[in-house]
Amino acid sequence: MGKTTLLVSFVCLLSVLPSLPVRGEDPYRFFTWNIAYGDIWPLGVKQQVLLYLIFSFLGILINGQFPGPQIEAVTNDNIIINVFNNLPEPFLLSWSIFLLQANFFVRCSCQKNSDVWSLKYLHRNGVLQRKNCWQDGVYGTNCPIPPGQNFTYALQVKDQIGSYFYFPSLAFHKAAGGFGGFRILSRPLIPVPFPPPAADYTLLIGDWYKTNHYGLKGVLDGGKNLPFPDGVLINGRGWNGNNFTVEQGSPHLLLVGKIAVSYSA
């Protein structure tokens, strides 16, 4: 009798369990980044500097890419980025937000004002560092990654949505590269205030100098202002290096980020 009662109770418990709410952990996304110098010719001139009369250094690449790889995430995701510093000096990353989001519809090219734009300016600090403010990439709260070592950034984009970017925040490395896009999409059940775009593009726009970042840093350390930049880059390329395909009559989304050293807005 006792065994029968125990068996019935166990079966009843199993029938109730599926109806109980189960709370799982938010998804994880893992990345491994290798930071190193490499060849880049953004304005047709190879970025180069001679340091200690031994090493010839070029632009800063992440996994061999300039700009670096784009992070694609969804609200509440846990982002784990293991960064290996192969530079001969300390390296540090910071996380910021884009300044401009643009929605536009492409009409027939024969019509006047064929492109209709809707601009949304975003102006606040970057990715929120919940309970881990020491990983915000600011020197003093976040220790740089020593040469030949690595550091793992652990970020949860809790209740966040939008377009961000990352960039080096130490030793004027930003003027040599090491930056990229960081997009946080809304969860499928949460609507966005515009129709689904036919396509979306991330635009990383900023000024660029043919002078290497060591030389530019020396100018600032000497108490002088930087000269006028040599050009403007879009996604790491000059004025004629980018093409975007659009569909007439369909909405398109441009995510514009200011990756500027000095002048561009």
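The values are calculated or read from the model by the stated rules, or taken from the named source; none is laboratory data. Just so you know, these numbers come straight off a predicted model, no measurement behind them. FYI the Cβ positions are ideal-geometry reconstructions off the backbone, even for glycines, and counts take in every protein chain you see. Remember, those area values only see protein heavy atoms, side chains included, never the ligands or the DNA or RNA. Shrake-Rupley method; radii C 1.70, N 1.55, O 1.52, S 1.80 Å.
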What number of residues in region 139-191 are without any contact (Cβ under 8 Å) to a residue 60 or more places away in the chain and either of a type in the set (V, I, T) or surrounded by fewer than 19 Cβ atoms within 10 Å (Cβ to Cβ) (or both)? 7
Of all residues being touching a residue at least 12 places away in the same chain (Cβ under 8 Å) and among the small types (G, A, S) in region 201-253, which is surrounded by the most Cβ atoms within 10 Å (Cβ to Cβ)? Just the residue, please. G206
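Name every residue in region 129-156 that is assigned to a loop (DSSP other than H, G, I, E, B) and at pLDDT below 85, in order of residue number. Working first, answer last.
Residues of region 129-156 that are assigned to a loop (DSSP other than H, G, I, E, B), as a first pass: 129-132, 136-144, 146-149.
Passing the criteria: Q129, R130, K131, N132, D136, G137, V138, Y139, G140, T141, N142.
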Condition first: in contact with a Gly (Cβ under 6 Å, 6 or more places away or on another chain) and either open to solvent by less than 30 Å² (accessible area, probe 1.4 Å) or β-branched (V, I, T) (or both). Now tell me which residues in region 70-94 satisfy that. L92, L93, S94
